[in-house]
Each structure stands twice: as C-alpha cells, then as structure tokens.
C-alpha cells in the first residue's frame, strides 16, 4: 500500500523537468517551499543524480556523480527514527539530502526529508520537504548496495567508506 501511495503521489507531483531519467530509481524526492521548488535524486546503475529547481521549470542545479563520489551515511540501526543521508559535493559546496521516518510508525506514516547546503563547514540553507511530499525508495536506499557493488565497504566504527 505504501508503495502504491508513494507512486501515486510521485506521479501527481513530479514534473518532467525534475523527473528521474528512464530506468532510474528515485532515492529521495519532494516538493519544497509550498510546492514552488522541487528536489529529485535518482540512481541509475553507478550514477547518482541531483536536481533542484523551480517546480514546473528546468532545474536550477543538476549534478551527476559516480556512486563512489557520493558520501552516504546509512542508518546505524538505533534511535527513534530510521534515516539515511547522502552528500553531493560541487565546487566547495555540499548538498546533503536526507529522509527519515519514525521507527515503528507503520507503512502509512509520512516520511520527512530535506536538503542541507553547506560551504566551508557553514550551513547556508536547510530546506525541509513539504509535509507529505517525500518519496523515497526507503530503507535501505539502493545507493548503499550500489556503493558496495562499486567495491566500497562501510565501516560503522569509523563512519566512512573504504
């Protein structure tokens, strides 16, 4: 049921300019700022894409990186919520996309999400997704498996990929 509702929400709210390319999986996507902005992140093979911009228009920023170039912090298995985040770097600016859900909330519970923009360790913006608009492939993000297929191994002890 959750998949159906997520798919329906994505179909209704997604706009072609910021939709995932054919054959891609949605990682985390949502509307922001009352629907005036959109964020879409996708995985296709070993490529991860990020698009942010005005809803209904072309993306203001599009990034594409190999999975090895995108840092990911997987859920460590503890806490009140299940969450994951991943970061794109671009010319000294980082874009950390995240999602979370209350741990025992049930399949109908909405996801939270957003993007944090930082430069030089300073937060420039923290945009939260509009309530009810978050679509995610959910725990565990297929990005984790794609990084493992690319030969990377995540260490819980160091919190880093080797």
- Message: Can you report the number of residues in the stretch 139-158 which are in contact (Cβ under 8 Å) with a residue 60 or more places away in the chain and either under 23 Å from residue 102 (Cα atoms) or in contact with a strand residue (DSSP E or B) (Cβ under 9 Å, 6 or more places away or on another chain) (or both)?
- Response: 12
- Can you tell me which residues in the stretch 51-83 are surrounded by 20 or more Cβ atoms within 10 Å (Cβ to Cβ) and either under 18 Å from residue 130 (Cα atoms) or over 15 Å from the mean Cα position of the chain (by Cα) (or both)? 51, 52
- Those residues of the stretch 113-135 which are without any contact (Cβ under 8 Å) to a residue 24 or more places away in the chain and either surrounded by 19 or more Cβ atoms within 10 Å (Cβ to Cβ) or within 21 Å of residue 71 (Cβ to Cβ) (or both), in sequence order: 116, 121, 122, 123, 125, 126
- Note on the structure: Restricting attention to the stretch 45-100, the residues that are modelled with pLDDT under 95, over 17 Å from residue 116 (Cα atoms) and in contact with a strand residue (DSSP E or B) (Cβ under 6 Å, 6 or more places away or on another chain) number exactly 5
- For the stretch 27-36, enumerate the residues that are part of a strand (DSSP E or B) and either over 15 Å from the mean Cα position of the chain (by Cα) or under 14 Å from residue 141 (Cα atoms) (or both). 27, 28, 29
- Item | Members of the stretch 93-111 found to be within 21 Å of residue 49 (Cα to Cα) and without any contact (Cβ under 8 Å) to a residue 24 or more places away in the chain, listed by number | 96, 100
- Task: Look through the stretch 101-141, keep the residues that are within 11 Å of the chain's Cα centre (by Cα) and in a loop (DSSP other than H, G, I, E, B), and return whichever of them is modelled with the highest pLDDT.
- Result: 134
- Message: I'm told residue 146 meets every condition in (1) out of contact with any helix residue (DSSP H, G or I) (no Cβ under 6 Å at 6 or more places or on another chain); (2) modelled with pLDDT of 95 or more except one. Can you identify the failing condition by its number?
- Response: (1)
- Task: Quick one: residue 158 ticks every box in (1) in a loop (DSSP other than H, G, I, E, B); (2) at pLDDT 95 or above; (3) within 25 Å of residue 93 (Cβ to Cβ) except a single one, so which number is it?
- Result: (2)
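The values are calculated or read from the model by the stated rules, or taken from the named source; none is laboratory data. Computed from a prediction, not measured in an experiment: that's the story for all the values here. Heads up, the Cβs are rebuilt from the backbone with ideal geometry, glycines too, and the neighbour counts pull from every protein chain shown.
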